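Each remark here refers to the structure printed beneath this line.
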Amino acid sequence: MNDDKKILIVDDDPAVLFVACKKVRAAGWDAIAAVDGLDAVRKLLEHPRCRRMITDFVMPAFGGDAWIRFLERFCSEWTIVVASTEDVDPGQFVCMPKPLDFENVLHVFSREIR
Amino acid sequence: MSEKIESGPPAHRRAKVLYVDDQQGNLVVFKATFKKFVDVVTANSGKEALALLERDEFPVVISDQKMGDEMNGSQLLAEVRKRWPDSVRMLLTAYTDFDAVVAAINDGQIARFITKPWERQDLLGTILSACELYWKTKENKNLTEQLLHRERLAAIGQVTSGLVHELANIAAVLSIAEDLQEDLKKGMDITKDIEILQGGIEKFMVLVESLRIYSKGGGAVHVSTQVVDLSEAIENMLVVLRLFPQVKQLKKLELVPCAEKVVVPIDVKKIEQVIVNVVKNGAESTKPGEGEVTIAIRSATTDVFVEITDNGPGIPPPAWKKIWEGFYSTKGEKGTGLGLAMCRKIMEAHGGSISFENLPRGGCTFSLRIPR
């Protein structure tokens, strides 16, 4: 069981990122913001116990399919929600349409994980 | 859709002739001769013929040249050509009224002329092939229209994915409003929330505005100009520009003002939209952390030029012409392909223009021409 209350949130649109962080914090979680995949890698190293992530799919720096494949390889034990407007292959993670329904997202995170 | 198999041509594609002659006897003979093979409708004057044409579709119109009415055959057919250009027109002359026939052919008013007395088999063959020509032309036109429609749908499909992305982001931003009341009750500071909300609304308005231009009926951009100091106006725009993530990752963004003070009549908001668009495009094309975008103002006698130069890879040749059209994007799912098309409309509404040039050392310069 993971008792860390942190959720890493990745989105290249600063306004979307702000809103997501706010919603997550309002529900009692700690939000860590990252502006793209590269920034997210930096942040996940800074927070080694964090095991939850909400990430955008289309991002200018390190997004898209490569980003998902990276997460599969290096963050396979994470619970990750991939938010996208398009049909994407989220691999082993949860894919949710944008705009995110945060109740649904947080429900995913509230489940017990390994 | 299932297609009916029919032995003959479908009912709506039947051979149909409008025959115009002022001699009642001729009308009767013509009808009696051909009604077994084709639908025959007759009229005894040009006026009556036009009235019939307004109500019904006639693949073939045959008119006698000499008619007592004020309108003769070639005059009638000239009118038919103007209003129903697809109908095949034939002129019938009792004697070799050569001048009239030659004039009619030269004007392109008739496809064929027939001399009286006509030979039944010949004329029937002529009428049937004319009908076939009519329906083939019609079918061709329909196919062309379908093709155009399909192309347009494909273009809309391309833009939709970009559009959905954009709208979803805006919806995500606007959803911040849901909690504001609760936050207020708790006495929380919501200044930042409102800022975010306003940003979302603004983005939405810009999207609507740019889409409106490409929807039916739209087309013109309205500008309300006021005379401003251009360097000062652009200096103000830089503040907004620096908020964009693409622009933030630039190594350098600078304005090179003109030595003299430049005042021009512009719609500041619209020109800002153009400059923001071009600078963002330029910034997006550069490598993060290495990009440089320069905005230079150059003054000429009748115009002022704003030149925006980046050090990205430039515009690839296949995009050269297309970037000014709507629904074309080099940014894949990231772009709606409306940005530069919009910029062009705005510049044209100012009586100016927008152009670009790839630079030999890499990168490109977009040049906005604004008339003084």
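The values are calculated or read from the model by the stated rules, or taken from the named source; none is laboratory data. Everything numeric in this text was worked out from a predicted model, so none of it was measured. Virtual Cβ from ideal backbone geometry, glycine too; neighbours counted across all protein chains shown. Protein only, heavy atoms only, side chains kept; ligands, DNA and RNA dropped before computing areas. Shrake-Rupley method; radii C 1.70, N 1.55, O 1.52, S 1.80 Å.
Structure notes:
- Selection from region A:93-109 of residues that are surrounded by fewer than 11 Cβ atoms within 10 Å (Cβ to Cβ) and away from chain B (no Cβ under 14 Å): A:107
- Residue pairs whose Cβ atoms lie under 6 Å apart, sitting 6 or more positions apart in sequence or on different chains, and linking a residue in region A:19-34 that is more than 12 Å from chain B (Cβ to nearest Cβ) to a partner that is in a loop (DSSP other than H, G, I, E, B) and of a type in the set (Lys, Arg), are A:29/A:5; A:30/A:5.
- Taken over region B:270-289, the criterion of being of a type in the set (D, E, K, R) and over 21 Å from residue B:303 (Cβ atoms) is satisfied by B:280, B:284, B:287.
- Hits in region B:261-276 - residues which are open to solvent by less than 40 Å² (accessible area, probe 1.4 Å) and of a type outside the set (Asp, Glu): B:262, B:264, B:266, B:270, B:271, B:274, B:275, B:276
- Taken over region B:241-260, the criterion of being in a loop (DSSP other than H, G, I, E, B) and either open to solvent by 80 Å² or more (accessible area, probe 1.4 Å) or among the polar types (S, T, N, Q) (or both) is satisfied by B:242, B:243, B:249, B:251, B:259, B:260.
- Tally of residues being among the charged types (D, E, K, R) and buried (at least 18 other Cβ atoms within 10 Å of the Cβ) across region B:68-96: 2
- Matching residues, region B:99-141, being over 21 Å from residue B:21 (Cβ atoms) and either in contact with a Phe, Trp or Tyr (Cβ under 8 Å, 6 or more places away or on another chain) or open to solvent by 80 Å² or more (accessible area, probe 1.4 Å) (or both): B:106, B:107, B:132, B:133, B:136, B:139, B:140, B:141
- Residue ID - surrounded by the fewest Cβ atoms within 10 Å (Cβ to Cβ), chosen from residues in region B:277-314 that are closer than 24 Å to residue B:207 by Cβ and β-branched (Val, Ile, Thr): B:308
- Taken over region B:30-45, the criterion of being surrounded by 16 or more Cβ atoms within 10 Å (Cβ to Cβ) and either in contact (Cβ under 8 Å) with a residue 60 or more places away in the chain or out of contact with any strand residue (DSSP E or B) (no Cβ under 8 Å at 6 or more places or on another chain) (or both) is satisfied by B:34, B:38.
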